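Quick notes on the structure that follows.
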Amino acid sequence: MRWTTTMDNVLLGTLVEATRDGKKCGMNKWQDSVLKSMRPALSEIAKEEVQQSHIDNRLRQMKLEYRNFLELKGRSGVAYIPSKQELEASNDYWREIMKNEV
């Protein structure tokens, strides 16, 4: 299954709304009914059945991407530009990061 921006928006919007409604249990858990309730909308967008495992995997991937973003944002030589929602650094800095990551 390939996730789209629209699917991510439905996923995140549902989680935000559920959190406001007090349906979050602990740091990273929501009531089962919350995750089940978004499956029909996600399935319609994806034009295929979205399983609970798809949602769990996407949430895990989003958490990993967010941790990586925070780590990169915290490095010296990198600036976050909120108006652009971008990280900014010199070309030399990006080359060095990519060389070390590969």
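The values are calculated or read from the model by the stated rules, or taken from the named source; none is laboratory data. As the structure is a computational prediction, the values presented were derived from the model and not from experiment. Using ideal geometry, Cβ is built from the backbone for each residue, glycine included, and neighbour counts are taken over all protein chains shown.
Can you pull out every residue in region 13-23 that is surrounded by fewer than 14 Cβ atoms within 10 Å (Cβ to Cβ) and either among the β-branched types (Val, Ile, Thr) or not in a loop (DSSP other than H, G, I, E, B) (or both)?
Residues of region 13-23 surrounded by fewer than 14 Cβ atoms within 10 Å (Cβ to Cβ): 13, 16-17, 19-22.
Result: GLY13, VAL16, GLU17, THR19, ARG20.
Of the residues screened, LEU64 is not one that is touching a Leu at 6+ places or on another chain (Cβ under 8 Å) and part of a helix (DSSP H, G or I).
The listed residues are SER76, SER83, and the only one of them that is more than 18 Å from the chain's Cα centre (by Cα), assigned to a loop (DSSP other than H, G, I, E, B) and modelled with pLDDT of 90 or more turns out to be SER83.
Scan region 86-102 residue by residue and report those that are in a loop (DSSP other than H, G, I, E, B) and either surrounded by 13 or more Cβ atoms within 10 Å (Cβ to Cβ) or at positive phi (or both).
At the first step, the residues of region 86-102 found to be in a loop (DSSP other than H, G, I, E, B) are 89-90, 102.
ALA89 - this is the single residue of region 86-102 that is in a loop (DSSP other than H, G, I, E, B) and either surrounded by 13 or more Cβ atoms within 10 Å (Cβ to Cβ) or at positive phi (or both).
Of the residues making up region 24-56, those that are surrounded by fewer than 15 Cβ atoms within 10 Å (Cβ to Cβ) and outside any helix (DSSP H, G or I) number 10. The condition of being without any contact (Cβ under 8 Å) to a residue 60 or more places away in the chain, of a type outside the set (D, E, K, R) and touching a helix residue (DSSP H, G or I) at 6+ places or on another chain (Cβ under 8 Å) holds for only one of TYR93, TYR80, that being TYR80.
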